[in-house]
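The values are calculated or read from the model by the stated rules, or taken from the named source; none is laboratory data. Predicted model, so just to flag it, every value in this text is computed and none were measured. Virtual Cβ from ideal backbone geometry, glycine too; neighbours counted across all protein chains shown. Note: areas computed on protein heavy atoms with side chains; ligands, DNA, RNA excluded. Shrake-Rupley method; radii C 1.70, N 1.55, O 1.52, S 1.80 Å.
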Amino acid sequence: MENKITNQAVLDIIKEKFPNAIENFEEFQGDFIIYVKTEFIHNILKFLHYDENLSFEQLTDTTAVDWATRKNRFSMVYQLLSMKNNYRLRVICYVNDDLIHPTVTDIWKGANWQEREVFDMYGIKFEGHPDLRRMYLPEYVEIHPLRKDYPLMGNPGDFKLPPIIED
Amino acid sequence: MGLEALLRGEDFITTTIDEVIAWARKSSLWPMPMGISCCAIEFIAVNDPKYDLSRFGAEVARFSPRQADVMIVAGTVTYKMAHVVRRIYDQMPSPKWVIAMGACTSSGGMYRSYPVVQGIDQFLPVDIYVAGCPPRPDNLINAIIELQKKVEKTRARDFQDKK
């Protein structure tokens with residue numbers, strides 16, 4: 001089944017609604033990627049979800065990228081799927097240096113756990129998230145292991161072993 | 001076919017209580033499969049007719065730690081899971097033994113990264129390590145036989161004061 005909508009059409013629809021928001025766009029191995037400005041990200045995703053022509057019903061995945069040396073160190077990546085058009089779109093934006101980012105749980109309920117995972121692994125705090133706790137790691141740890149400055153083997157004392165009760 | 005063929009009239013044997021108890025213990029090791037990941041599949045194969053662990057009296061896999069003698073830790077133990085493994089081990093009645101099955105359990109294996117405990121001997125007293133990723137069923141049977149040799153040497157009074 002082919003896409004019912006072209007990359008250019010998607011771009012035009014977004015550009016018409018948000019003329020200043022898109023910084024860059026590219027097609028890589030069949031995936032259409034748009035880079036947007038952070039201050040527009042919530043409105044754009046809301047528009048993509050509720051627009052009748054685009055109708056991105058599903059947020060397939062939310063993740064982040066740590067660029068380590070760049071000024072805006074983290075990127076947020078949203079992977080969207082429009083089942084109506086059989087079309088996938090990737091939206092990327094920078095995270096501000098204070099690491100506070102708007103949540104999308106009010107648009108897609110499924111973003112709840114995905115954003116908890118990103119918070120767990122990268123330490124990005126999502127403003128307005130209903131239940132921002134760690135997803136995988138124990139609650140007592142204070143690390144964010146997918147950051148580039150975290151060593152592969154961890155630091156001694158990051159994780160606790162169980163107490164040993166002698167017979 | 002068995003010992004009863006040797007019986008003639010009112011024969012008797014002499015032995016010690018310690019040896020009888022050790023013999024009974026080693027011949028009925030009830031394993032508790034702590035199947036955390038893929039090694040557990042290999043443990044299932046050991047119980048299947050082809051390899052048939054019941055030949056060594058260890059076929060009764062008990063999923064309650066309170067009924068088990070030997071815990072077979074089969075799989076990658078993360079720091080988060082280590083607390084669960086230790087708590088289940090503490091619930092087993094003494095005498096109890098531990099088999100570390102597979103490379104991940106024994107040494108962290110290929111998971112040389114921050115969340116994986118690099119060998120469960122950091123928080124459990126391990127009796128037998130089994131090599132392999134995952135170990136062949138023969139290898140686990142060998143571990144059971146080695147454990148039987150170890151249990152054979154125990155004395156009942158060694159466990160008198162244990163819980």
> How high is the FRET efficiency between residue A:70 and residue B:139 when r is their beta carbon distance and R₀ equals 45 Å, given to the nearest 0.05?
Replying inline: 0.35
> For residue B:87 and residue A:77, what does the FRET efficiency come to when R0 = 35 Å and r is the distance between their Cβ atoms, rounded to the nearest 0.05?
Replying inline: 0.35
>> Students sometimes get this wrong: rank A:90, B:86 by accessible area, probe 1.4 Å, all chains present, largest first.
In response: A:90, B:86
>> From the protein chains alone at 1.4 Å, what is the descending order of accessible area for A:83, B:81, A:121, largest first?
In response: A:83, B:81, A:121
> Around residue B:72, which amide H atoms from residues at least 5 apart in sequence, or from another chain, sit under 5 Å from its own amide H, with H modelled in the peptide plane?
Replying inline: B:32, B:34, B:99
>> To check my understanding: the extent here is largest minus smallest coordinate of the Cα atoms along each principal axis. What are those three numbers for the protein assembly as shown, in Å, largest first?
In response: 104, 45, 30
> How much net charge surrounds residue B:47 when only the other residues with a Cβ under 15 Å from the Cβ of residue B:47 are counted, with Lys and Arg +1 and Asp and Glu -1?
Replying inline: -1
>> If you count only protein heavy atoms and use a 1.4 Å probe, how large is the accessible surface of residue B:59, to the nearest 10 Å²?
In response: 90 Å²
>> Quick check: pseudo-label points 7 Å beyond the Cα along Cα→Cβ at residue A:17 and residue A:153, how many nm apart are they?
In response: 5.1 nm
>> Can you give me the accessible area per residue for chain B, using a 1.4 Å probe, in Å²?
In response: 56 Å²
>> Check which residues have an amide H placed less than 5 Å from residue A:61's amide H, if you skip close sequence neighbours.
In response: A:79
> At each listed q (0.11, 0.12, 0.15, 0.17 Å⁻¹), what is the log10 of I(q)/I(0) that the Debye formula gives for chain A modelled as equal alpha-carbon point scatterers?
Replying inline: -0.51, -0.59, -0.86, -1.05
> So for A:101, A:49, B:83, what's the accessible-area order with a 1.4 Å probe, most first?
Replying inline: B:83, A:49, A:101
>> Can you tell me, using C-alpha contacts under 8 Å and at least 6 residues apart, the relative contact order of chain B as a whole percent?
In response: 26 percent
> Hey, any idea what % of the protein assembly as shown's accessible area is carbon plus sulfur with a 1.4 Å probe?
Replying inline: 53 percent
> Considering only B:61, A:95, A:63, whose Cα is most displaced toward the positive end of the charge dipole of the protein assembly as shown, charges sitting on Cβ of Lys, Arg (+1) and Asp, Glu (-1)?
Replying inline: B:61
>> Taking each residue in A:147-158, count the Cβ atoms of any other chain within 10 Å of its Cβ, then average. What number comes out?
In response: 2
>> For segment B:1-110, take every pair of Cα atoms, bin their distances at 10 Å starting from 0, and report each bin as a whole percent.
In response: 13, 36, 28, 14, 7, 2, 0
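Summing +1 for each Lys or Arg and -1 for each Asp or Glu, what net charge is found among the other residues whose Cβ lies under 10 Å from the Cβ of residue B:156?
Result for the neighbourhood of residue B:156: 0.
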> Taking Rh as the Kirkwood radius, which is the inverse of the mean 1/r over Cα pairs, what is the Rg/Rh value for segment A:121-162?
Replying inline: 1.00
> For the charge dipole of chain B, defined by +1 on Lys and Arg C-beta atoms and -1 on Asp and Glu C-beta atoms about the Cα centroid, which residue among B:113, B:142, B:93 has the Cα displaced farthest towards the positive pole?
Replying inline: B:113
> Heavy-atom accessible area of residue A:50 with all protein chains present, probe 1.4 Å, nearest 10 Å²?
Replying inline: 130 Å²
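Chain pair A, B: how much accessible area is buried, both chains summed, with a 1.4 Å probe, in Å² to 100?
On the way: alone 10280 and 9910 Å², together 18600 Å².
So the total buried area for this chain pair works out to about 1600 Å².
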